[in-house]
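The values are calculated or read from the model by the stated rules, or taken from the named source; none is laboratory data. Small disclaimer: the values here were computed from a predicted structure and weren't measured. Cβ atoms come from the backbone with ideal geometry, glycine included; neighbour counts cover every protein chain shown. Accessible surface is based on the protein model in full, side chains and every heavy atom, while ligands, DNA and RNA are left aside. Shrake-Rupley method; radii C 1.70, N 1.55, O 1.52, S 1.80 Å.
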Amino acid sequence: MKRKASTDLTTDSTTKNPRNEQPSDTAMEESTNEKVSWGEWMGSWKAGTSSADQEAERIDRQKAAFGQDTVARLKDLNVLIIGCRGVGVETAKNLILSNVGGVVVYDSNPCRAVDRGANFYVTDEHVASGVGRAEASLPELRSLNPYCRVDLCSADGITDEYLQTHDVLGSGLPFSAVVVTDLAMLTKADLFRINETCRTSNIAFILAVNHGVTASIFSDFGPHHEIFDLTGEPTQTLAVSNIEVMPSKSSLLRVSGVEDGKPVVIITVAQSEHGLDDGDVVSFDDMKGDLAVLNGRTCRVKRVAMDSPTDAKVDSKGVVFKELLKLNTPQFVATFQKQYDSYKKQFDEEKKDGDKFRVRTITIFNRLALVFDDDEHDLLGKTGLSAPNFAAYESGGLLNQVKPPVSKSYKSLSETLESTPVPQMLRGEDWEAGVGINVHLSFAAVLDFNEQEGRWPGIHDSKDASKLVDTAKAISESRKEKEGSCWSQSVSFGFPMGEPRDLDETRVGQFARLFLTELTGFCSYLGGAAAQEVLKKIGKFTPVEQWVHHDEMVLLSDCLEESGGTSYNHAPLFGSRYDHQIAIMGKDFQARAANSKIFLVGCGALGCEYLKGLALMGVGTGKDGSIVVTDMDTIEVSNLSRQFLFRQHDVGEPKSVQAAGVVKKWNPRVKVTALEKKVGPDTEDSFDDSFWESLTVCWNALDNVEARKYTDRRCLFYSKPLLESGTLGTKCNHEVILPYRTSTYNDGKESDDNENQIAMCTLRSFPYLPKHCIEFAKQAYFSDHFEFGPGQYETFRNDMMSFFEQLEAMEHGEQKKSLTLIKLFIDLQKENEGKIDFNACIRVAFTRMIEDFRTSILNICHSADQMEKADGTKFWTGTKRRPRAIDWSGELKPDLMEYLYCSSNLYAVVWGVEPVRDRFEFETVVKSLGLEQPEWTPSSANVDLSEGDGEAAAEEGSDDSEELKRDLYAVDVSKLIPAIPHDFEKDDDANFHIDYLTSATNLRSWNYDIKLSARHDVKVTAGRIIPALATTTAMVCGLVDVEFCKIVLGLQCLGRDKFLNSNINLAAGSGNFTTFTPDPPVTISSGLKLPQPESFTSWDKIEITPPGSEELTVEQLVAYLENTFGVTVDRIFAFGHDDSKIPPLYNAIDRQKIDWDITFDSDGKVQISDKAIFTQWAQLPMATQMFNRLPPTSGARKRFEDQIMTTKKALDQTKENFLSSFRGAISDAYCAAYRPGDSEEDAEARQYFDTVSEARDYVTLGVHCHTSTEEDITLPCIKYIYSKP
């Protein structure tokens, strides 16, 4: 295979490492001690050896969120954390998990019992010995990540000299960031000095502190900070399908800055929407021929639009418009010009005085115009091209969106404390109302208080609180005349109005009273947000501007007595680990929390954080309290970068069990039960009514939509609060779901469906992007040959007749694929006389390689050439790239050997043959086989070059399918060898899956001259990996912890406005820190009229209980519903199911059949009582007609009589069955309809049904009904409760 250096998998810039992976620190000592020139990037031969890159594996999900280059740059960050209480240890934990270079913690204050309420690494032994908080936390912090240097600063204070060291922890690098997490560690002077030193030393300064119910973060990246990626959103890669030069721009064609009559270059892209704005920058890539000089060059682009008469009412989303977009640009413009001229002519003929010809501008989202008059991106000057040169375009080319760097300047801490007129609050309504002014003045006042008193305000110290209020008032008064300063003034929609207003003395006073306290939820929130701010030092993502405050005064419902003193519910404090919680929320809160029963569903990253919070809060420590956590997964290496309860030695162990064990050590009084059960419709025997009814809160920590929907439905049914949250990279959200007060998860429309399907024709024959090759490798190569194929073969081998029955349910294309793959498996055994060894696996892998990457490619090119000759039209235009075939001849080629190695070993697993992992041994075997590629001859079969999805081709292949079926019917399955289908698993390097997909992807990419893909990119795309970060997880979980406290306090009784939902993007700056009041329940129209309920919510249900011990019959239930609601009942079925897919409990159509009859009159002719019978038995009309027409002596008449009698028997049986159910007990009818059958294969399902039914005294039913005017009526879930004997 002859390749240019720029596209050769083994000779370009990725030469010895073609997938951009970091080489391992220890070279693999293969069994022969011989070296090979291929496969160094692979994971399959390294798995379980010293060469496996554990560090890369553990940050796998982080790499998906940040990108590989950014992750590498994080290793240059050294961070100093001042304070090791709750916020400090949370920040340190998240930075260490994020794999920064080094973390230094500073806090020599001795551990106290109360520290255990927020610092999860402080133990009773630390408290007893009086060891410093940083020293106590150090061992566990170090154990989080062996690849991050962690140490403590034991100095007496933080000097400027220490901050400016150039060799932190022996890294040879300075500090990148300082995070202050405890104001009580520093004086005002030291705080401002450290901030100023950081500003002059290019060190990011972050302040993240929790004081009672107030959490504040301040970010200062100095006077000059450059951001190369503001949001982290993926850049667009647009495939060029055409480039056209228009010598004279039409007046209807709108391009900003281009005058009519001037030349303009228009680029059409393959995507329907390019997603770019005027002035966005793109770089050229993969341009060919004379335009290759553009590759790597950047230029600005402009949007393209067309003027159209308003009266034409062009629908830019409609089919006609989409068809017009397929025209070349001159034709497209000409079409619009004709339309414009026609409407203008008509207007001119009919217009009256004052009339104006109205025109609208329609943006053409699949076209862009190039900008040439741009000094920064001088495309013409740098390339020597002029606009007419672009007419040389033939095919191919990509436009890559370029994010220009942005420079920003930040103010100092001292300056922003004074000159932030309306500080941002996390809650939008608070920000708009200027609540942040009171918090900001409290900060300034507490620093002055410390400067004057030499100490900080005491917990619940009324005198200190009064003094702080007076100080805040004085500060506010002194700033009135200073423009842009923070003082107590009126605010409207977030804007200062300049009118004085009273200081919120209660808020400022409580700030003082609780200044020294922390809550674990706020600490977690701040620790996640602060750590993410630190990571922005490398220039990726936008820092916050510059303050964000958050407070939750609702937690302080009765903190003060009417006299102004502290309530006895909040004091005195006796030195427990829960003192801060008690000081803030009260002793009754602590008692309620201890006796709460929590169901935590999931124990991944979210679950670990929630278990931590529950343990620190003392939830489940009381006599009646408990925590049940369930998760079916086991721990993997990739979990260790964010699931902080686990360590390397836990890999392979159950998540729930290990996590429960850790938090029990933190708080031995916590009663936590760890389960490994799925939560779903098939485990309701374990999670039964008594379990759900006993819960205080259900807490979701799940990663898939269907599981979330199920737990939401359970909470709806049992009227339980549900706490819901999720993360995606730097984005997160949480939702508080309160019975009868808020909307529910199922009220939304979220799903796991893939919304961005790629057309099969593109994947099959015309790929032009790397992701096309990845998807095809996964769907066509891996799934077909290693999952679907072996699976179909095994079904055939085990039960031939059952296989052919299943085959008939498949579409033609799937049928042929199944049959073809099975025949290939059988032929392989014939060729090897029924014995398959590793040599046979290599041969079949070689055959597959030649077919997929050579023969099929040559056939495509040949067919396209024939089409070009036939109609004279160029075929390979736009995004269609003419492919090239691989060539096995000559020396062994690394990329082909890599494919053979992976593919052969995958086949070895299928056939139960021992894999060959040693690359030298494998190469030796390959050489000994003397593999030769067959001579190619044009295929006699039609090659599908259509731009559809291949349905027609599938139909044409039906004759082949019949022949394949005949061949397989003749096979003696008893002589076939068992096969083992693969089950795709992205996180197991030993299984060859990702290595194979990378090799197959890049061979196909080479075929089509597409940029090669790194192994990790293939893994992320093919494995559908969701980016995940420790920082985002910690932050959102902290917010949810606070919402949990509100539920324990019973604030739901005061309304949903006491609670907050969130939608936050940590990457995009403080403008994307958004919290809001939960939505009210979604109302569902019933269709009924007053006095009946006109609407209801998903929380509602109708409970029906028989008046006595006797059950209601189905007939009585129907009568009750019809009489109560004035409706006609159509169907009754099991609630929560798609009633079209399950049998009904009651069907009005079956009720009508009671009056149906088939009889014979005195003349012997059949009589049908109701012609509706014909709709149920399609053969009956013909049988009736022929029976009545034919003479009694006719032999054919007997056959029709038999058909009629069979139908009559079926009708009579239907009537009997219906009446039995209709007049029987509802529970019996439910059981008859839904209990699994009596077959042996249904035994397990039948036992499960019986177990669940036996434990319940109710069934839930859904109803379809209508009014007398045929209007559909919707009723809530019906809970029918009955007495059991």
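For the reader, a short list of remarks on this structure follows.
- Our coupling estimate for the stretch 626-640, obtained by passing each phi through the Karplus curve with A = 6.51, B = -1.76, C = 1.60 and θ = phi - 60°, is 5, 10, 10, 10, 10, 6, 7, 7, 9, 7, 10, 4, 5, 6, 5 Hz, Gly and Pro reported as x.
- Tensor-based shape of the stretch 963-1113 (alpha-carbon gyration tensor, a/c under 1.5 rounded, otherwise prolate or oblate): oblate
- Student exercise, the chain dipole from Lys, Arg, Asp, Glu Cβ charges, in Debye to nearest 20: 1260 debye
- If you wrap the Cα atoms of the stretch 353-482 in a convex hull and average its projected area over all directions, you get 20.3 nm².
- Of every Cα-Cα pair in the chain, the percent that sits beyond 59 Å: 30 percent
- For the stretch 445-513, the Cβ-based charge dipole about the Cα centre amounts to some 100 debye (Lys, Arg positive; Asp, Glu negative; other atoms uncharged).
- Residues of type aspartates and glutamates that residue 1209 reaches as a straight line, Cα spacing below 19 Å, ignoring anything fewer than 8 places off in the same chain: 1150, 1155, 1157, 1161, 1170, 1201
- The distance between label points at residue 35 and residue 339 comes to 6.5 nm (points 7 Å beyond Cα on the Cα→Cβ vector).
- Taking 0.36 nm per residue of separation and subtracting the Cα-Cα distance, full extension of the segment from residue 941 to residue 980 would add 10.9 nm.
- Once the Cβ-Cβ distance of residue 869 and residue 1163 is raised to the sixth power relative to R0 = 56 Å, the FRET efficiency obtained is 0.15.
- When the C-alpha to C-alpha distance is required to be over 18 Å, the pairs from 771/816; 823/986; 830/975; 771/1011; 63/986; 317/338 that qualify are 771/816; 823/986; 317/338.
- Length gained on full extension, residue 169 to residue 321: 48.4 nm, using 0.36 nm per residue less the C-alpha separation.
- Mean separation of Cα contacts under 8 Å (6+ apart) over length of the chain, as relative contact order %: 12 percent
- Rounded if a/c under 1.5, otherwise prolate or oblate - the stretch 442-549, Cα gyration tensor axes: oblate
- Between amide H atoms placed 1.01 Å from N, distances below 5 Å from residue 231 occur with 541, all of them 5 or more places distant or on a separate chain.
- Relative packing of peptides 697-709, 544-556, 996-1008 - highest average C-beta neighbours within 10 Å first: 996-1008, 544-556, 697-709
- Square roots of 5 times each gyration tensor eigenvalue, C-alpha, the stretch 105-254, largest first, Å: 47, 20, 18
- Ordering 1164, 1048, 1127 by Cα displacement along the dipole of the chain toward the positive end leaves 1048 in first place; charges were set at the Cβ atoms of Lys, Arg (+1) and Asp, Glu (-1).
- Gyration tensor verdict on the stretch 620-761 (Cα atoms; rounded if a/c is under 1.5, prolate if a/b is larger than b/c, oblate otherwise): oblate
- Neighbours of residue 1037 by Cβ distance under 9 Å: Lys/Arg scored +1, Asp/Glu scored -1, total -1.
- With every protein chain in place, the chain: carbon and sulfur % of accessible area (1.4 Å): 48 percent
- Note on residue 1092/residue 1281: beta-carbon distance plugged into 1/(1 + (r/R0)^6) with R0 of 35 Å gives a FRET efficiency of 0.95.
- Here residue 482 and residue 154 are evaluated by their C-beta separation; at R0 = 45 Å the FRET efficiency comes out at 0.60.
- Amide hydrogen proximity for residue 150: with H placed 1.01 Å from N in the peptide plane, the residues at 5 or more positions away or on another chain lying under 5 Å are 103.
- Extension gain from residue 653 to residue 353, taking 0.36 nm per residue of separation minus the Cα-Cα distance: 99.6 nm
- For the stretch 1196-1266, the orientation-averaged shadow of the C-alpha convex hull comes to 8.2 nm² (one quarter of the hull surface).
- Within straight-line reach of residue 408, meaning a Cα separation under 16 Å, sit the following lysines at least 8 residues removed in sequence or on another chain: 536, 537, 540.
- Near residue 1102, the amide H atoms lying under 5 Å from its own belong to 1277, 1278, 1279; only residues 5 or more places off or on other chains count, and H is placed 1.01 Å from N.
- Virtual paramagnetic centre 7 Å along Cα→Cβ of residue 1119, amide N under 14 Å, in the stretch 1082-1107: 1107
- Along the stretch 977-983 the Karplus relation, 6.51 cos²θ - 1.76 cosθ + 1.60 evaluated at θ = phi - 60°, assigns HN-Hα couplings of 7, x, 10, 10, x, 6, 10 Hz to successive residues, with x for each Gly and Pro.
- Cross-link partners of residue 1208 among lysines (Cα-Cα below 17 Å; sequence separation of 8 or more within a chain): 1153, 1165, 1171, 1198
- P(r) tail fraction, the stretch 1130-1215 - alpha-carbon pairs more than 18 Å apart, %: 50 percent
- Cleavage-rule hits, GluC sites (Glu not before Pro), the stretch 1252-1282, DSSP coil, Cβ neighbours within 10 Å at most 16: 1270, 1271
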